[in-house]
1. Counting pairs of alpha carbon atoms under 8 Å apart in space and at least six apart in sequence, what relative contact order in percent does segment 31-77 give?
2. May I ask for the percentage of alpha-carbon pairs in segment 31-77 that lie more than 12 Å from each other?
3. Find how much the distance from residue 56 to residue 40 grows on full extension, using 0.36 nm per residue of separation minus their present alpha carbon separation; answer in nm with one decimal.
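Please treat every number below as a calculation from the coordinates, not as lab data. Here the structure is a predicted model, which means the values were calculated and not measured.
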């Protein structure tokens, strides 16, 4: 005995609409880890390998570049 059961389905338009909304939210503000990678690497290298007793003051211009880049994407550090 085989009986067929009809299951409701989700319309393809509904699926496409929800994926589109998620994509738009992602495009409007990326994750902080995904932007300013070069500036972050230069900042980290400067801070880690600085011979100064105060690496923060020694690396200030590089840190400011990183902060400026992040601010361009809407992140305040």
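1. Values: 30 pairs, mean separation 20.0, N = 47.
Relative CO of segment 31-77 lands at 43 percent.
2. Looking at segment 31-77, the distances longer than 12 Å represent 58 percent of pairs.
3. Contour length minus Cα-Cα distance gives 4.4 nm.
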